[in-house]
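Here, each number is a calculation from the coordinates, and none is a lab measurement. Since this is a predicted model, take the numbers as computed values, not measurements. Here the Cβ positions follow ideal geometry from the backbone for every residue, glycine too, while neighbour counts run over all protein chains shown.
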Amino acid sequence: MKELNFCVICVLAVLLCFLFEKLNRLEKLLRRMTEGKDKEKTQEPRSFRLFTGEKETEAPALPAETPQKAETPALPAETPQTAAPEKKTPLPPSRYDEMWKRFRYWFCFGVQREDVSREYAAATTWLIRGGIAILLCAAGFFLKYSIENNLVNPTVRIIMTFAAAAGMFAAGTAGLNKRFHVLAVGVLAVGIVTFYMGSFAGFKMYRLLPAAAAFSIMVLTTAVAMLTAVKFDLFPVALIACAGGYGTPVMLSEKSGDLPFLTAYVAVISAGLLICARKRVWRGLEWTAFLMSFGLIGAGCARLTNKIDFFCIGCLLANFLVFSLIGVIRPKEAVYGVTEWLLPVLSAALTLLFGIGMIHSCAQESDRGLISAGFAVLLAAVTLAEGVYLARKRPGGAGLLSAFLSASVVSLAVSLPLALESEEAVSAGWSVLAAVLIFAHTRSRLRTLLVLGELAFSAALIYMVCAQEPDGLFGGTAAERFFLGGVFSLALLGAGFILRKTPTDSLGEQAKKIFLAVGGFSMLIYTSVEIFRLLESTEALRDFRHGGVSVWWALAAVLLLAGGIRRNCRALRTAGMLLFTACVIKICAVDISGLNTLHKVAAFLLTGILFFGGATAYILCRRRFQEAGE
C-alpha cells in the first residue's frame, strides 16, 4: 500500500510540473505581448509619417497645373461652433483578464499553436497527459504485483529500475525540441522520478545499497536533471530536480540524523538555484526551493536540538544569502516583481528566527545576548548592502529598496533588546532607532525611511504602554523611568525638530506635527512623574507633591504661551491654554482635598501668579495680535 501511495504522489508531482511549466510559458507570452504593445505605442502613426517625408509612406505629389483652392472665409465670431461628440473607445482588457484567458486556453488545448485546429490541440494534449498518468500507475501496480508474488529477486528489481530510468532519460533527452517535444518532456520527467524511486527502494526497502551509494545516486540525478532543465528551458524537470534534491535527506533519513550535515547540504542545494536564477527566471522554482529549504532546516532544528553548533548557524546564513541574492544576480533585462521583493524579507525573517534559536541552544547563557545581537546586525548589514547595490546598479532595483530596508530595520530592532538584555531598554532602543531613521530620511529623501521611523516609534509606544505594568511606568528607579519615558519623549521631540528644519512633503509635515505633539505630551507626563517622585522622597515636601505638579503644569503653560506668541504659532498657544484648563481642573479636583492649609496657600499662590503671567504675556503683545487681525 505504501508503494501505491508513492506512485500516486509521483503522478500528482508530474501533473504539477506540467502545470508550472505552462504557467511559466504563459508568463513569458504575457511579457512579450506587453512589450509589443509598448513598442506599438511608441511608433509614429501613419498619418504623422505621411507628412514627415518617409519613403515608405510618401504622399503622392500633386501635379503642378492643379489649381489651389481658395481659402474659405472665416466664420463670424458670433457663430456658435458645436463640438463633435467624443467617441468612447472601449478599455483594453486588463493584464489579469488576459492571463486568465491564456490559462483557460492552456488548460483546454495546451500550448497555443496557430497552425492546428483546437480539436487537434485538445486531443493531443489530453491524450499525452492521460497516457503519462496511466503509465505511471501501471508501473506502480506492476511493481506492487511483482513484490507480492516475488516474481524477481530484489537485486534484479533494482537493476531493472535503474535500467528503465536510464532508458527513459536517454529517450526523453533525444526527443527534446523535436516533433514530440511534449511527450519527450514527460518521458524525461518519469525517468528522473524512477531514478529517485530506485535509490529509495534499494536503500530503505531492500537494504541492497549503502547510504552513501543511494545518496550519491540521488545527488547525481539532481545535478544532471537541473543542468538538463536549464539547458533546454524545461521548468517541470527543474521542479522535479528541486523536489528530489531537497527530498533526498528525507527519503534516506534514519532515526538519528546529523544536523550540521543537513544544513550544509541544504545550503549547497540552494546555491544551485543561483545558476537557474541567472539563466532562467523561474519564480515558481525559487518559491518551491525557499519553502523546502527552510522547512527542512526547521524540522531538523526541532528534531535534533542537541546537535546544534555554530557550523549550523554558518550554513543557515549561507542559505539566507542564496535567496537574498536572487534579485542581485538577475539578468539586467529581467523584470523585478513580487518574488524579488518578498523573498529577501521572508528569508531574513526566518533566518533571524532560526538563528537566534540555534544560538540559544548552543551558546553559553552569558554570551547568548551579544552573539544573537551580532547575528542580527550582520543580517541587517547584508540586506542593506544588497538593497543599496540594487538601487544604484539596476534600472528596476529602486523599487526593491523598501523591502531590503524593511528587513534591515527589523533585524536592527530585534538586535537591540537582545544586546541590552533589559526590558526597560527595549523602548529606548527602538526610539533611538526611529530617530536615526528620521534623520536618514532627511538626508536621503526616501519616504520608506520615514514610514519605518513612524513604525518604530509606534512599536516603542505600544511596548511601553502594553508590555509594562503601571508600576514600571510610574514606579521603579529613576533610571528605569528614564529608559521607558524619557528617551522616548526626547527621541520624538528630536525627530520633530529634525523634520521642522528640513523641507518635506505632506507626509513629512503630518509626521512633524504628530512627533512634536506626542513628544511634548509624553515629556510633560514624564517630567510630572519625576517631580512627583522627587517631592515624595523629600520628607519636608511630601505633602506638597500634588501642588508641585500643578505649579509645573502652570509654568509649562506659560512657556507654551510665550513660545506661541513669539513665533506666532497658534498651535503652541492653544496647547498652553488647554494646559491651563487642565491645571484648573486638577486644582479643583485633587489639590483642594489632598493638601493641608499651608500647602494649599503656596500652591494656589504660585499657580495664580503663573496665570497672571500668561495674561500679562497676551497684554504685552496686544499690538501684534491687532496687526495680525486676530
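Note on the stretch 422-537: Cα-only Rg and Dmax are 14.6, 48 Å. With the cut-off at 1.5 for a/c, could you classify the stretch 529-575 from its C-alpha gyration tensor as rounded, prolate or oblate? Taking the square roots of the gyration eigenvalues as a ≥ b ≥ c, the stretch 529-575 is prolate.
Let me make sure I get this right: for the stretch 265-306, a, b and c are the square roots of the gyration tensor eigenvalues over alpha carbons, sorted descending. Under 1.5 in a/c it's rounded, otherwise prolate if a/b > b/c, else oblate. Which is it? Oblate, because a/c is 1.5 or more while a/b does not exceed b/c. Packing around the peptides 517-529, 318-330, taken as the average count of other Cβ atoms within 10 Å per residue, puts them in this order, highest first: 318-330, 517-529. Between the stretch 505-547 and the stretch 349-424, the C-alpha centres lie 34 angstrom from each other. Ranked by the mean number of other Cβ atoms within 10 Å per residue, highest first, peptides 479-488, 568-577 order as 479-488, 568-577.
Select from the stretch 491-540 those GluC sites (Glu not before Pro) which occupy a DSSP coil region and have at most 15 other Cβ atoms within 10 Å, ordered by residue number.
539
For the listed residue pairs 204/279; 178/204; 307/332; 231/332; 231/393, the alpha carbons are over 31 angstrom apart in 204/279; 178/204; 307/332. Take the alpha carbon gyration tensor of the stretch 257-402, find the square roots of its eigenvalues, order them as a ≥ b ≥ c, and report rounded if a/c is under 1.5; if not, report prolate when a/b exceeds b/c, else oblate. Oblate, because a/c is 1.5 or more while a/b does not exceed b/c.
Using per-residue counts of other Cβ atoms within 10 Å, averaged over each peptide, order 276-282, 361-367 from highest down.
276-282, 361-367
For the stretch 257-402, the residue among 281, 388, 344 whose Cα projects farthest onto the positive side of the dipole built from Cβ charges is 281.
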